[in-house]
Amino acid sequence: MTELLDSAGLRLAGYVVVAMAALVSGRREQRSTSSPSEGCWPAFWYLSALLLAVMAASRAVDIGDVVSDVGRDRIRSGGWYDIRRAFQALIVGTVAGVWAVSVLVSTWRVPARHRRFLPAAVMLGTLAGFAAVRVVSFHYVDTVLYRRDLFGVRVVAIVELALLALTFATMFWFPLVRRGDPEDRTPSTPSP
């Protein structure tokens, strides 16, 4: 069982399943009778499915490892290898900072009619940020992700599977909206 949970194939299947869930959500939203002013936004789900499909394809051909190897070779040939950790820490910190600021700003600024998309958007951003941090291959992060395990399963597999499961759950999260809520309506313009 631990080998299955730790396999890259299971995580690849996870990306495919979540991408398909996004397609189902987009199709369901497209078929709904809601108008765009009521918060119907199938394009969000289709773009999410595209992002997840790209992430699945990159996982299938190990693009992350290729990008890490190319970056490592360039840093060596440029003579920066001895100071690479400072740059890696800066990139990891930037990814974390951008993620945190985007979550805070989007929580504050997203209009009420689109707030139901927020959990999925946050989870997609978290998955993308996690992939970016893995590509940077910062030694201290890699030590935790790849060299530590819980119950025989590497931490990287547990974190990635948990993020995929949470993202899958957000694809089907539709909060109940009361039709009379002033927050739910778009502002109307007074007629002359």
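Put a dot 7 Å past the Cα of LEU150, heading toward its Cβ, do the same for VAL54, and the two dots end up 3.0 nm apart. Between LEU118 and SER106, the modelled label-to-label distance comes to 1.1 nm, taking each label 7 Å out from Cα in the direction of the beta carbon. Relative to the longest principal Cα axis of the chain, at what angle does helix 155-171 sit, 0 to 90 degrees, rounded to 10? Once rounded, one gets 10 degrees.
Let me have the relative contact order for region 2-174, percent, based on Cα pairs under 8 Å that are six or more residues apart.
Answer for region 2-174 is 33 percent.
Considering only SER25, SER137, SER77, the mean-square fluctuation computed in a Gaussian network model of the chain, springs between alpha carbons under 10 angstrom, is largest for SER77. Shape annotation for the chain: C-alpha extents along the principal axes are 69, 41, 27 Å, from largest to smallest.
Where a number appears in this text, it was derived from the coordinates with a stated rule and is not lab data. Small disclaimer: the values here were computed from a predicted structure and weren't measured. For neighbour counting, all protein chains shown are included, and Cβ atoms are generated from backbone atoms with ideal geometry for every residue, glycine included.
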